[in-house]
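In what follows, a structure is listed as structure tokens, so that the remarks can point back to it.
Read-outs throughout are calculated quantities, based only on the coordinates presented, and are distinct from any laboratory measurement. All of these numbers come straight from a predicted model, not from anything done at the bench. Here the Cβ positions follow ideal geometry from the backbone for every residue, glycine too, while neighbour counts run over all protein chains shown.
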Amino acid sequence: MTTALLPGFLLGFSLILAIGSQNAFVLRQGLRGEHLLAVCLVCAFSDAVLISAGVAGFGEITRRLPGLETLLRYAGAAFLLVYGARAFRSAWRGKEALDPAQSAPPGLAATLGVCLALTWLNPHVYLDTVVLLGSVSTQYPGEQGLFALGAIAASFVFFFSLGYGARLLRPSSPGLPPGSGWRRRWV
């Protein structure tokens, strides 16, 4: 019965690990300690909707167009290779930095607007949740729901771990509350 749950969790977790714009935003919110519960919930529930749509709909689409799964799998792999190479190049050049005290804190509505845009306007999220997880779920006939549940659980675990775990990385700086650095908390 749980043969699809663990693979769903592991694949879902491995796909979400890449730090893209959405994950960087959650990390930033965690470092700043602003609207974190709402941000984590929006990201995780958005993934749950997309994963459910992918698992529920992809099986039907591939039954009607049998070659589509293979085509999308290779196209997705090519996209991930290019995306990974670009991310590696950007990291190598060292031009990006995540500064939690960079600007004044926006309100909840503005924060959630940015979070929703980074989630739903990102083509990468559709590739991972709808296409990739949807296509892999077809390898578990009769257990696609368990596979989806595993991937959804991975999303919740990841976003809440990233957001709330970020406070352990919070530096002591004038823009952050006193005692927010990890040294004061753990040393």
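Calculate, in nm to one decimal, what SER14 and PHE45 gain on full extension: separation in residues at 0.36 nm each, minus their alpha carbon distance.
Residue separation times 0.36 nm, minus the Cα-Cα distance, leaves 9.4 nm.
How high is the FRET efficiency between GLU34 and ARG93 when r is their beta carbon distance and R₀ equals 35 Å, given to the nearest 0.05?
0.75
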